[in-house]
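Read through the structure below, which is laid out as structure tokens, and then see the notes.
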Number of protein chains: 4
Amino acid sequence: MSGLLFSGGTVVSTEGSYRADVLVEDEKIVAVGTNLDTDGAEAVDASGKLVMPGFIDAHTHMDMPFGGTVTADDWATGTEAAAAGGTTMLIDFALQEAGGTLARAFDTWTEKAQGKAIIDYGFHVAITDLRDDIKTELPALAEKGVASVKIFMAYKGTPLHTEDDDLFKVLQLSKDAGVLVLVHAENGHAIDKLQEQALSRGDTPPRFHALTRPEPVEAEATNRAIRLAEVAGAPILVVHVSCAPALEAIHLAHERGQTVYAETCPQYFAFEYEDLAREGFEGAKYVCSPPLRDPGNRPALWNGLKFGDLQIFGSDHCSFTTASRKRSAWTTSP
Amino acid sequence: MSGLLFSGGTVVSTEGSYRADVLVEDEKIVAVGTNLDTDGAEAVDASGKLVMPGFIDAHTHMDMPFGGTVTADDWATGTEAAAAGGTTMLIDFALQEAGGTLARAFDTWTEKAQGKAIIDYGFHVAITDLRDDIKTELPALAEKGVASVKIFMAYKGTPLHTEDDDLFKVLQLSKDAGVLVLVHAENGHAIDKLQEQALSRGDTPPRFHALTRPEPVEAEATNRAIRLAEVAGAPILVVHVSCAPALEAIHLAHERGQTVYAETCPQYFAFEYEDLAREGFEGAKYVCSPPLRDPGNRPALWNGLKFGDLQIFGSDHCSFTTASRKRSAWTTSP
Amino acid sequence: MSGLLFSGGTVVSTEGSYRADVLVEDEKIVAVGTNLDTDGAEAVDASGKLVMPGFIDAHTHMDMPFGGTVTADDWATGTEAAAAGGTTMLIDFALQEAGGTLARAFDTWTEKAQGKAIIDYGFHVAITDLRDDIKTELPALAEKGVASVKIFMAYKGTPLHTEDDDLFKVLQLSKDAGVLVLVHAENGHAIDKLQEQALSRGDTPPRFHALTRPEPVEAEATNRAIRLAEVAGAPILVVHVSCAPALEAIHLAHERGQTVYAETCPQYFAFEYEDLAREGFEGAKYVCSPPLRDPGNRPALWNGLKFGDLQIFGSDHCSFTTASRKRSAWTTSP
Amino acid sequence: MSGLLFSGGTVVSTEGSYRADVLVEDEKIVAVGTNLDTDGAEAVDASGKLVMPGFIDAHTHMDMPFGGTVTADDWATGTEAAAAGGTTMLIDFALQEAGGTLARAFDTWTEKAQGKAIIDYGFHVAITDLRDDIKTELPALAEKGVASVKIFMAYKGTPLHTEDDDLFKVLQLSKDAGVLVLVHAENGHAIDKLQEQALSRGDTPPRFHALTRPEPVEAEATNRAIRLAEVAGAPILVVHVSCAPALEAIHLAHERGQTVYAETCPQYFAFEYEDLAREGFEGAKYVCSPPLRDPGNRPALWNGLKFGDLQIFGSDHCSFTTASRKRSAWTTSP
């Protein structure tokens, strides 16, 4: 017998915690128990340690071009960091290029990852250009192993932004193709106006990133995506829920029996609006979208995790160096 | 002394009901009471009758071009019908023409009404084309006595349809101009897709008018308009609320303290989806937007009237003859 | 013509505010208007003043024995104070004595008031002893002009306290008699235990009055009374609602269509828990039941008044001098 | 190696379903996996079968005296039936006798079970007589392995019924003793009145069992128990939740962050009020408390299970033969 034996640790699973050894062969758990037959297995001493299933981070952005720069982690550094923290699989976002196909996005991102990634990975494909040929491409995408596509309701003025007609159409098509639609839910129209007005007033410090994306624009778009999914009869996943008003829309959908999945992220628990309001460029290190919020939202988010309105805790890892943040076209022109 | 004395009736006001005479001079109530000094007044015997203030119908469409036809009531027949029912003032919708100004809409509708109307009237002005010169026109409109403008979130493919950027901008501008924004809240994008799909399937009987405008598209747009008003810091009035899910969005806004006004209409209490589903062209007589709903919505609407979530009961009088309904371009091309 | 003419003022009614004179004859308003015929009427100059209908305070306790003392205002001083503030009618609580009848309570309180009261008055009768003969007395009480009875769910250990069996029975009987049941809604059992425990710890400063009657005991009893009324099919009036959790129970009842009336009082807006926590005997001046609360409850109470969950604003005027507060048996033995 | 090997089946756990063998030694699972070392183990072929953990039924009543009869299943037949269905542990209710101690209840029930039960078991102890010596007995009960006590808010007129003062006191004491309080939540006072009135009208068919225990009396008591637990700062478990209004009280407690556990039972999904309303004695076979409800409650109950407001699915197995139902003193005198 060959394999790896993690012995002496405490196994933690959704069943609870208990003393057990774990035998792994060919990257598969083949036995969990005590007094396992382990002849020939290589022993790993897990005494005094917790032995957990590898985590899946369902929301990352490795080696992604954005706003004139590219995210700081590529598939080597990003997956090494993930592995160090116990995460053994990533689901990253492959972005459709203007004029390109979804298959092309999948291929491009696969090339980025291949030979670099040291853990498992999969892809959501972000639809940015819903041409007629793209509509017919969805079933083939599912056959390639892509189970989910993403639509951005925000970022008006960039190719990412999608209007309701295409969002609704994607919900209908994805339902038929057996693919789940993920939404970045913020009202791009209102944000665009607020940014334009802030710029014209000279309000450019980082905290205006939050002030031009207030909670109601996220709550609004969350409700809109959910209601369109209701009409389409399709499930939906709202990613990076940051505040109580957005969560309320999800909760009400659950109360009426609709299939809505939702994710929140660690940054909304670890940081807050005041970090974004730090002096000078320091605040710019805390820019993310939706933005950091008032910590008064946290009890609601914890309740959402506790009672199942929020099922996913993803990182939205989308790293930028301070240098690239300073260089970004978006720093001056959002 | 001159004037009109309504004597012997029971006065009904928001204070209650009580026996009193009402003396009117120069179209103004100058005294309510018993044993009034009425020398020279012309007596009107109101014995055994209820004497009420004239009703104001805040939602009518007289002599309005729509879908290739025109509404059946003009300002003569429409105001005669209103007066017969005790309504002494209408607020009608003046529609901005493509390329036209708001002032022009006001003038055009004033011309339609002048010399024909036998009761008081005022106008909401519907904004359909928010050019830069229109943005600056709002304060002047308020000075003309127009207290409210209307935005259509529905009717995609017609000049009426307005996207969120213009809706949001109008909310900001109207707040500064002291003008109230009224919204027709239905998601035009989703309706457009559903209509296109129904037509391609040959589903053209009148009941598909309702099936292509289901409750969630009204609920969604209602919430969206309210959330955009929240960000703009502006009050808003949602007209013709037809169903419980839309009312829920209004109720939640009231619970968080937002200033939201809302109207419902008699058709949602007197008729229902089954009327629209009548055989042949008969169902077409029951077409209105938002459409007639399942009567299960009524207890919620009654509660809304009782507890103040709905403050206005307007007719949305927008009459079409059977002949004009048959002739309308919209009968075959919605 | 005789009478009083209030001239030159601004009349304020539920209809709005407007310039008008008010002519009163034999204590009745006989005319409201301008240019009234006022020959012989005594003029009262109301220029620059607001002319309002007399207020009705539906919750007072004049000349009432309680806790070994008696309330400070009798029907002379109490009604003079009311009149000075524009209140022209009181509805006071007549308490049934142990062994006594409801008619006797009515007669006793009528005697207290007669010859002293300078304004109108009526009575609620508080039922403290629901013997079989009392059950049959309710219809006769209604004929005497008493439209409401009161039940105390609090004050365990005193004759006022009523258990659920009698509360439920009174709701059933009152419905048949056409009489409305008012409840003082606090859980007497839990309060009794908390007071006993506070006393045994020596926690006797006034703030423990609030700490032994926390918000959930009011919320609980409010919901209980409402649910028992629902089963009995009877309307109910919850008096002196002090906090958001109690109001929530009322709001939910309204949402399901139940007839529930509710009152709040000025003390819950003007004062707060911190007043009760003042040093020494000073805090004792702020004792009332339910007790003063955290001011975080106020936005909910304002919303309740605005949207109709709370229909009544009564004073619960139940005055005690500092001397009588110090003398009261309840100061040491609650 | 000895032991039992369940081989070839599909293991179902909270982690999911997967192909694995299960090795059991000394009644403990020692290994789960494929290719386990199983020398000397006795093989059980589980091919084509689901292999699940033994179920725990946390709500049974074996060999229990009630209403002049005794439940039909004793610890032999009852645990055999449980085992046949895959249930490997029961938690039964040991009832305190009038005048007896909690330890005595535990001992009596242990004697009933010993030598008869073929599966594991534990006890909740029902407190029916909260004398001072009982208050001090709780910590010792916890040391015996009893983790929970039960209070009956219903059954007024029997020793089971407990008033709020004792319920509140038990909540306070149990918190200190580390014991969880379970409540049967129905308002005994209102039920008693309704039963008395039904009997006086001759309304004795089984369906009056439900009509004298309507949903609001369960909703009321559920909320009351939860609010008293909130004041006591103690966790609580509401057993056999039968209807949406009771569940709403639990849901609201969860929304405010309170620790409330709740159970529902299969009878509320499999049967309904119409079964209780069957002709003649047939309906009596469907008597349980809380009673069977309108099936309109089921979507809410399913949602409660799905989103975690209800964490426990217990049988409330409390079996009576038709003969004993006919003999019961309660058939004529509830």
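Overview of values
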quantity: Residue that is surrounded by fewer than 24 Cβ atoms within 10 Å (Cβ to Cβ) and touching a residue at least 40 places away in the same chain (Cβ under 8 Å), where the choices are A:Pro235, A:Pro214; calculated: A:Pro235
quantity: Tally, over segment B:132-144, of residues that are open to solvent by 60 Å² or more (accessible area, probe 1.4 Å) and part of a loop (DSSP other than H, G, I, E, B); calculated: 2
quantity: First in segment A:240-266 and over 22 Å from A:Thr60 (Cβ atoms) and at pLDDT 95 or above, second anywhere and among the aliphatic types (A, V, I, L, M) and open to solvent by 10 Å² or more (accessible area, probe 1.4 Å), Cβ under 7 Å, 6 or more apart; calculated: A:Ala244/A:Ala300; A:Leu247/A:Ala300
quantity: Residues (surrounded by 13 or more Cβ atoms within 10 Å (Cβ to Cβ) and more than 9 Å from chain C (Cβ to nearest Cβ)) located in segment B:1-17; calculated: B:Gly3, B:Leu4, B:Leu5, B:Phe6, B:Ser7, B:Gly8, B:Gly9, B:Thr10, B:Val11, B:Val12
quantity: Tally of residues being modelled with pLDDT under 95, within 14 Å of another protein chain (Cβ to nearest Cβ) and open to solvent by less than 50 Å² (accessible area, probe 1.4 Å) across segment C:306-334; calculated: 3
quantity: Cβ-Cβ under 8 Å pairs, at least 6 apart or on other chains, segment A:1-20 side in contact (Cβ under 8 Å) with a residue 12 or more places away in the chain and over 14 Å from A:Ala46 (Cα atoms), far side open to solvent by 50 Å² or more (accessible area, probe 1.4 Å) and among the β-branched types (Val, Ile, Thr); calculated: A:Ser13/D:Thr14
quantity: Residue within segment C:107-130 that is open to solvent by less than 20 Å² (accessible area, probe 1.4 Å), without any contact (Cβ under 8 Å) to a residue 60 or more places away in the chain and over 18 Å from C:Val181 (Cα atoms) present; calculated: yes
quantity: Hits in segment A:131-147 (condition: within 14 Å of another protein chain (Cβ to nearest Cβ) and free of Cβ contacts under 8 Å to residues at least 12 places away in the same chain); calculated: A:Asp132
quantity: Residues (of a type outside the set (Asp, Glu) and modelled with pLDDT under 95) located in segment A:140-154; calculated: A:Ala140, A:Leu141, A:Ala142, A:Lys144, A:Gly145
quantity: Pair list, Cβ under 9 Å, 6 or more apart: segment D:148-165 residue within 17 Å of D:Ala262 (Cβ to Cβ) and open to solvent by less than 20 Å² (accessible area, probe 1.4 Å), other residue among the aromatic types (Phe, Trp, Tyr) and not in a loop (DSSP other than H, G, I, E, B); calculated: D:Ser148/D:Phe123; D:Lys150/D:Phe93
quantity: Residue list for segment D:199-211, filter: more than 13 Å from chain C (Cβ to nearest Cβ), free of Cβ contacts under 8 Å to residues at least 24 places away in the same chain and among the hydrophobic types (A, V, I, L, M, F, W, C); calculated: D:Phe208
quantity: Where A:Ala58 falls short, out of the listed (1) more than 30 Å from D:Val30 (Cα to Cα); (2) open to solvent by less than 20 Å² (accessible area, probe 1.4 Å); calculated: (2)
quantity: Yes/no for D:Glu274 being open to solvent by 30 Å² or more (accessible area, probe 1.4 Å), at pLDDT 95 or above and more than 21 Å from C:Arg224 (Cβ to Cβ); calculated: yes
quantity: Residues (assigned to a loop (DSSP other than H, G, I, E, B), within 12 Å of chain D (Cβ to nearest Cβ) and β-branched (Val, Ile, Thr)) located in segment C:152-196; calculated: C:Thr162
quantity: Lone qualifier among D:Ala46, D:Ala81, D:Ala31, D:Ala20 - being surrounded by fewer than 19 Cβ atoms within 10 Å (Cβ to Cβ), out of contact with any His (no Cβ under 8 Å at 6 or more places or on another chain) and within 30 Å of A:Ala20 (Cβ to Cβ); calculated: D:Ala46
quantity: Verdict on C:Ala300 being open to solvent by less than 30 Å² (accessible area, probe 1.4 Å), small (Gly, Ala, Ser), over 18 Å from C:Ala154 (Cα atoms) and within 12 Å of another protein chain (Cβ to nearest Cβ); calculated: no
quantity: Qualifying residue in segment D:218-237 (condition: away from chain C (no Cβ under 14 Å) and touching a strand residue (DSSP E or B) at 6+ places or on another chain (Cβ under 9 Å)); calculated: yes
quantity: Given (1) in contact with an Asp or Glu (Cβ under 8 Å, 6 or more places away or on another chain); (2) under 17 Å from D:Val183 (Cβ atoms); (3) outside any loop (DSSP other than H, G, I, E, B); (4) open to solvent by less than 20 Å² (accessible area, probe 1.4 Å), number of the condition D:Thr222 does not satisfy; calculated: (1)
quantity: Count of residues meeting criterion [within 8 Å of chain D (Cβ to nearest Cβ) and in contact with a Gly (Cβ under 9 Å, 6 or more places away or on another chain)] in segment A:26-40; calculated: 6
quantity: Residue in segment A:239-252 that is of a type in the set (Ser, Thr, Tyr) and surrounded by fewer than 23 Cβ atoms within 10 Å (Cβ to Cβ) present; calculated: no
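The values are calculated or read from the model by the stated rules, or taken from the named source; none is laboratory data. Being a predicted model, the structure only gives us computed values, none of them experimental. FYI the Cβ positions are ideal-geometry reconstructions off the backbone, even for glycines, and counts take in every protein chain you see. These accessible areas exclude ligands, DNA and RNA; they are computed on the full protein's heavy atoms, side chains included. Shrake-Rupley method; radii C 1.70, N 1.55, O 1.52, S 1.80 Å.
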